[in-house]
Amino acid sequence: MITVKSYPLNQIDYSLAVPTSTNSNELIKYLWVDVSEATTDEVIEIVYNGVTTTLLVTDECRYTPLDIAFVNKEGAIQIQTMFKASKESITITSKEFESSAPIGTHQVKRFNVQSKTKFNINSGFVTEDKNESFKQLLLSERVWLIIDGDTIPVNIATKSLEYKTRQNDRLINYNLEIEYAFNDINNV
């Protein structure tokens, strides 16, 4: 039995029966908890096989949180929420050629215009135990950005990460650069 409960008002309160079958298509692989259902509760507890997982509900008023889903080292989809500021930018590449065009038209013309959208995102303050999660995020070959329920494929553009500790850095905030895994203009 899997139980999910939020506290102190129990706005989320349900249980799921764990199938006894060994068929992989009948087993529970992922448990998605809609945290927005706990409008005033502060803690969500998930109990499975006597192990309790506690989720702290964080209300971020200033920035819109970004959820990044990735395949971790165990092959499971893991979500890392980035709580702080994010900046969006675009990088454009093109080629040019010079033509003998009449006056009033472009003498130098652009072609093969490509663009990619990048995001610079911040984790917000996290604890040291998240170092492994960020390592797996950077090493993952499959990463998605979840925006309004849509999963958008992205690549991690950050190539190195210095692990931070509370003793040396006090407040730990990771800054990552991600980019869409496709061109803005599809010309294939």
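Rule-based calculations on the coordinates, nothing more; no lab input. Computed from a predicted model, the values in this text were never measured in an experiment. Backbone-built Cβ (ideal geometry, glycine too); neighbour counts: all protein chains shown.
The equivalent ellipsoid of the chain has semi-axes of 42, 21, 17 Å, largest first, where each one is the square root of 5 times an eigenvalue of the Cα gyration tensor.
The value given for the stretch 83-188 is a Kirkwood hydrodynamic radius of 16.8 Å, derived from the mean inverse Cα-Cα separation. Rounded to two decimals, the Cα-based Rg/Rh of the stretch 1-57, with Kirkwood Rh, is 1.03.
A simple spin-label model places pseudo-atoms 7 Å from Cα toward Cβ; at N25 and L9 they are separated by 4.2 nm. Around the Cα centre of the stretch 1-119, unit charges on the Cβ atoms of Lys, Arg, Asp and Glu (plus for the first two, minus for the last two) sum to a dipole of about 840 debye. Residues M1, M82 in ascending order of nearby Cβ atoms (within 10 Å, fewest first): M1, M82. Helix content alone sets the calculated 222 nm mean residue ellipticity of the chain: runs of n ≥ 4 DSSP H residues at -39500 (n - 2.57) each, divided across all residues, give -1500 deg cm²/dmol. Computed from the C-beta positions of E98 and N183 and an R0 of 25 Å, the FRET efficiency is 0.45 to the nearest 0.05.
Kirkwood's formula applied to the C-alpha pairs of the stretch 61-107 gives a hydrodynamic radius of 15.8 angstrom.
For the pair K159 and T53 in one chain, pulling the backbone fully straight at 0.36 nm per residue adds 35.0 nm over the alpha carbon distance. In the stretch 1-57, a dipole from Cβ-located charges (positive for Lys and Arg, negative for Asp and Glu) runs towards its positive end, and of P8, V51, S24 it is S24 whose Cα lies farthest in that direction.
Here the Gaussian network model covers the chain, with springs between Cα atoms less than 10 Å apart; of V51, V154, V108, V108 fluctuates the most.
Remark: spin-label model distance E141-H106 equals 3.9 nm, labels positioned 7 Å along the Cα→Cβ axis. Report the charge-dipole magnitude of the stretch 1-57 in Debye, nearest 20, computed about the Cα centre from +1 at each Lys and Arg Cβ and -1 at each Asp and Glu Cβ. Rounded to the nearest 20 debye, it is 220 debye. Within the chain, the longest segment free of exposed loop sites, counting trypsin sites (Lys or Arg not before Pro) that fall outside DSSP classes H, G, I, E and B and have at most 12 other Cβ atoms within 10 Å, spans 74-141. Length gained on full extension, D169 to N120, computed as 0.36 nm times the residue gap minus the Cα-Cα distance: 15.6 nm.
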